[in-house]
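Written below as structure tokens is the structure these notes are about.
Just so it is clear, none of the values below were taken in a lab; they were calculated from the coordinates. The structure displayed is predicted, hence computed values, not measured ones. Methodologically, a virtual Cβ is constructed for each residue, glycine included, from the backbone with ideal geometry; neighbour enumeration extends over all protein chains shown.
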Amino acid sequence: MNQVMRRIWMAALLLCVSVGSAWAQATAQLNGRVTDESGAVLPGVTVTVTQTETGFTRTVVTEGDGGYVIPNLPTGPYRLEISLQGFRTYQQTGIVLQVGGTPTVNAALAVGSLEETVSVEAAAPLVDVRSAGISEVVEQERIVELPLQGRQVTDLIVLAGAAVNTGTVSTSRGMPGTVAISVAGGLRVGVSYTLDGAMHNNTYDNQNMPLPFPDALQEFSVSTGGLSASSGVHAVASVNGVTKSGTNRFSGNLFEFFRDERFNEPNAFAPIGRDGKKVGDALRRNQFGGTLGGPIVTDKLFFFGAYQGTRVVAQPTGNISFVPTPAMIAGDFTALASPACNGGSQITLRAPFVNNRVDPSRLSPAALKIANSGYLPSTADPCGQVTWEQPLDKNDWQGVGRVDYQWSANHSVFGRYMQTYEFRLPAIEATHNALTATNAIGPNRRARAQSLAFGDTQVLGTNTVNAFRVTWNNTALRMNDPADAFLDTNALGVKVHTYLPDVISLSVANAFTMSGGDAVKMVLDNESYQVANDLTLVRGNHQLAVGGNVAYWTSETQNFARAVGDFNFNGTVTGLALADFMTGQLTRLRHSGPGLLPLHQTYLGLYGQDTWRLTPKVTVNAGLRWEPFFGQQIENGSITNFSFDNFRQGIKTNRFVNAPPGLLYPGDPGFPAGKSGMKKQWTNLSPRAGLAWDVTGDGRTAVRSSYGLAYDFVSAQYLYIAGSAPPFSNRLELTGVMPFEDPYSTVPGGQTHPVPNDPPSTAAFPGFGAFGTIDPDNNSPRVQSWNVTFERQIGSVWQASASYLGSYADRLWGGVQVNPGVFLGLNPCVLNGVSYPVCTTAANLDRRRVLILENPTVGQRFGPVDRHDDVGQQSYAGLKLSVQRRAASGLSLSGNYTISHCEADTGSSFSFAQFSAGYTDPTNPAFDRGNCTQNRTHIANLSVGAETPQFGNATLRAIASGWRASGIFNARSGAWLTVTTTTDVAATGIANQRVNQVLDNVYADKSLNAYLNRAAFALPAAGTLGDHKNGSIEGPGFWNVDLALTRLISVAGRQTLELRVETFNLFNTFNWGDPVTNFNAATFGRILTQTGDPRIMQFGVKYGF
């Protein structure tokens, strides 16, 4: 078997080097048909294109039907020359090739001599009559002219339409500029990014590596719907970017962009200052840098370099939390339980409270130490509300360098290196406020991303082109290392071992959070390598492409999120979370040693594609891609399978003598070969087919349709929590009611910490251990997509299209709980020799799980046991309407509107797969089916640019010429929300249980303080799941206008001075955040956040030469 595998890998690598893959997508191609004036085809015609900025040329000869195809052309402006003895030479200028573009330029030659030239100035056609998918190009003019918040070019991806920026999968673990964009309702991590034809995804979270800043990026395209067989790795969409290159002219710029609090509006929830005005965020932001490019050897060797630095100092306000008040510290919770603090409802706190008061001696000593530590803000508000500032002090920079060499007329190479760095200072040290150490903000953070690419393109004869790519990517992150110190379990007298002094993770539901998650400490190192090639052959009416792509990456994770103890209070015991906290009644403890996940993964993709011009008007695209799935190889062997048969037969692993029966580790009988926990899947074939019809034959009207099947895979971080299960880190997920000071007092065998990083064969397994296992038959997620598009060019500069987009995804990974709690009724009972007056309570969850009820002796070794299974499904259908006006001067416009519907039963973002957070009903994943959380029913985008003309009158020209206005309008309907309860009503221990919906209209008056109607919902009966449909409530919508006003002043020759004013959120629209949907929260139904920023102004100056 090993010998067979070696032969397969050698063949794949040889194929990559000798033939091709999908990674020359940073280029374009030109095609067309040459006839005489009577319409008769002309074979043997010489067709030459010349890139006007560099002198690069390419020549082909028309085939027997008069057709020509020139593939793998660098993007940029071109001159086209067509010549044949006995005819006048045809020359066309003004053609600009965009990334991924396939424009058709036909020519009719007039009889005459070669020396006679017919010159035409015309842009490339706006309509694509050759390819079958859907693609939108964001060209360089829009990249640098449109107002971009933070100058992040990823914001422009949504302008392509049918796309939603859902934030980031990895929160503060992601790289600078990382986004999780759902295109056409697809997976948030299903977008494949390439830069200069090279892989540009961060394999840790499957999101984008940082893209070049606007002045260093030439353009990029967004493609989706029935992608050709050359597109792979990820299944939903493809974003292909191109960095700028040097030309035969020295050119560049210097720039500075500046922001100041004085010109901005405060957050809508900012506190009121002494002057009666809302407190600002104290923002000072400078973004500066420059670019330089030009020839080293004219027409041969070119260089380009760019640098951008960003310095930000701010103190954002509007963060709302609820902390213990002096009254609570004295045992008086009457104000907290009053209607004023609970959305109009009076709360009667349960024992040990009497009349919402408790003897101060019964308060938790650890909770009192926290409340009196000085690390929580003080408040005079009776509900405990505080509004606090989150300091932000960071230094970022990015550098880009590229060299292009035209070896010969038929051979070119390039090399590109880019590095992005981010550094944020600690927050607690500056504020003495532990609330500022938040996972979402990510203070005390250093991140670095590096990308190196080499490309080689050769013309092998008039109709054969080969493009070769080698890529190296590296990302590294350090969070809270060294630690920003405040409190730990030792200082609080809590009997939970800490692996990181002076840090604790603690949250009180809907009240406050101290540290937690990545903010505790995180160390990440990821590295990827890729070799790819693309061979294109034109043979008659067929354009053939075959290829392969081999990639290999490693990931090293060290996560201390649970290594200091993660303490959660949710109000289950008394009725309010703050009351649970102050009385020390803990409802969940997550504890482990430092979590380690070292892994590597190999990717292989091979394909063949034929673009067949069936008739002069009809082009057929067909291809097949092969993407076998090998899984992630967990190098320390911490991945497991779980077998019910082994559990019942008492069969234990050979690896750990103290492991309970049922667990299988690498090397055990029945465990798949390798260290992925899964069988290799060799039969992942992806058929692709499409049809393009040039309706009128003049390239102005097209009907296109395509179908494609594609595969995806989970990111390197997905199995982290599964990999930290016992005896690796000995992670526990204790749920119930435990004393804050000694939660392990409820665990058989007590605490097993500290534990070594590399557990020996005699490693201890704790009682009620939490395990994340993998189904050995899992395959990679699969997406089928299809589309139909009608596209029409109107006049010379207008284009309109209508597209139907559809997709169906299956084999989505989700968590199936195989050891849930069992509802045993509310009468008295005896469990394993212990009497309970009420048989089903939160406190005895681990003692009534499936496995302990079946075998009490062995079952008490298991807490939650998740099996990651590929059972999820999703469907999408949408209509996208687009219009654009592309003109060299005057008004340019691009707009689109999408209406869609998307449903899914699996909401996995492919981030960390948390324990007991999967399907609500483990026996029926479809119970969770509802509107896709990443989709929006309505999405509208419009970008506009307008420039004043060059007036003939000198005075008028000095006053009115050179002005340019650019704007972006975004609007979308609200996110899909679900009302959940932190009460384990079903008694399964599975999180995110839904409530019952008792009224059809779930909304109150849709105000900030009463967006949802609490009376529309109720807790289900004990032991049951709620009937409220998942994702059935539409949250507040969003709309925003950004505007840039620029004056371009000619200084001397080609030197210019650009003065720029940008306004983000021009009308200071208060876009509401989502309401609180935790039914147990006192703030249920209220809106406490603002989506997007208030109005921000930015001033810029740019000197160009």
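Over all other residues within a Cβ to Cβ distance under 10 Å of Arg700, the charged ones net out to -2, with Lys and Arg as +1 and Asp and Glu as -1. The H on the amide N of Ile651, modeled in the peptide plane, is under 5 Å from the matching H of Gly662, each at least 5 residues off or on a different chain.
Counted by neighbouring Cβ atoms within 10 Å, the residues Tyr375, Tyr193 run from fewest to most as Tyr375, Tyr193. Across the stretch 751-766, rounded Karplus estimates of 3J(HN,Hα) from the backbone phi angles (6.51 cos²θ - 1.76 cosθ + 1.60, θ = phi - 60°) give 7, 9, 8, x, 10, x, 5, 10, x, x, 5, 9, 4, 7, 10, x Hz, Gly and Pro being marked x. Helical content alone sets the calculated 222 nm signal of the chain at -1500 deg cm²/dmol, taking -39,500 (n - 2.57) per DSSP H segment of four or more residues and averaging over every residue. The HN-Hα couplings worked out from phi for the stretch 687-698 by the Karplus form 6.51 cos²θ - 1.76 cosθ + 1.60 (θ = phi - 60°) are x, 9, 8, x, 9, 10, 10, 7, 4, 9, x, 9 Hz, whole numbers, x standing for Gly and Pro.
The relative contact order of the chain comes to 10 percent, based on Cα pairs under 8 Å that sit 6 or more residues apart. The long axis of helix 2-18 is offset from the longest Cα principal axis of the chain by roughly 40 degrees.
If only the Cβ of Lys and Arg carry +1 and only the Cβ of Asp and Glu carry -1, the dipole of the stretch 568-639 around its Cα centre is close to 280 debye. In the P(r) worked out for the stretch 543-633, what percent of Cα pairs fall beyond 18 Å? Value for the stretch 543-633 (Cα pairs over 18 Å): 71 percent. The distance from the alpha carbon centre of the stretch 841-866 to that of the stretch 406-421 is 60 Å, rounded to a whole number. When the pairs Lys277/Lys1006; Lys521/Lys1029; Lys394/Lys1006; Lys1006/Lys1029 are compared against a 30 Å limit on Cα-Cα distance, Lys521/Lys1029; Lys394/Lys1006 fall above it. Each part gets one Cα centre, and for the stretch 949-1012 versus the stretch 120-198 those centres are 20 Å apart. Ordered by the count of other Cβ atoms within 10 Å of each Cβ, fewest first, Asp1005, Asp381, Asp484 give Asp1005, Asp381, Asp484. 3J(HN,Hα) along the stretch 775-787: 6, x, 9, 4, 10, 6, x, 10, 10, 9, 9, 8, 7 Hz, from the Karplus curve 6.51 cos²θ - 1.76 cosθ + 1.60 with θ = phi - 60°, whole Hz, x for Gly and Pro.
Only beta bridges with both residues in the chain are counted; by DSSP, about 95 percent of them are antiparallel.
Considering only Gly677, Thr27, Pro781, and ranking their Cα positions along the charge dipole of the chain that arises from unit charges at the beta-carbon of Lys, Arg, Asp and Glu, the one farthest toward the positive end is Gly677. In this structure the amide hydrogen of Leu195, modeled in the peptide plane, comes within under 5 Å of the amide hydrogens of His200, Gly241, none closer than 5 places in sequence on its chain. Among the listed pairs Lys680/Lys880; Lys617/Lys880; Lys244/Lys300, give every one whose C-alpha distance is greater than 28 Å. In this structure, Lys680/Lys880 lie more than 28 Å apart at Cα.
Ordered by the count of other Cβ atoms within 10 Å of each Cβ, fewest first, Leu599, Leu159, Leu624 give Leu624, Leu159, Leu599. Please name which of Ile441, Asn395, Gly415 has its Cα lying farthest along the dipole of the stretch 374-456 towards the positive end, using unit charges on Cβ (Lys, Arg +1; Asp, Glu -1) and the Cα centre as origin. The Cα lying farthest towards the positive end belongs to Gly415. Seen from Gly67, the other residues with C-beta closer than 14 Å to its C-beta sum to a net charge of +2, counting Lys and Arg as +1 and Asp and Glu as -1. Dimensions of the stretch 994-1105 based on its C-alpha atoms, expressed as ranges along the principal axes with the largest first, amount to 79, 23, 21 Å. Dipole magnitude for the chain: computed about the Cα centre from +1 point charges on Lys and Arg Cβ and -1 point charges on Asp and Glu Cβ, it is near 220 debye.
Think of each Lys and Arg Cβ as +1 and each Asp and Glu Cβ as -1; about the Cα centre, that makes the dipole of the stretch 718-791 roughly 80 debye. Near Leu97, the amide H atoms lying under 5 Å from its own belong to Gly76, Tyr78; only residues 5 or more places off or on other chains count, and H is placed 1.01 Å from N. Relative protection proxy for 583-596, 1067-1080, 767-780, from highest mean packing down: 583-596, 767-780, 1067-1080 (other beta-carbon atoms within 10 angstrom).
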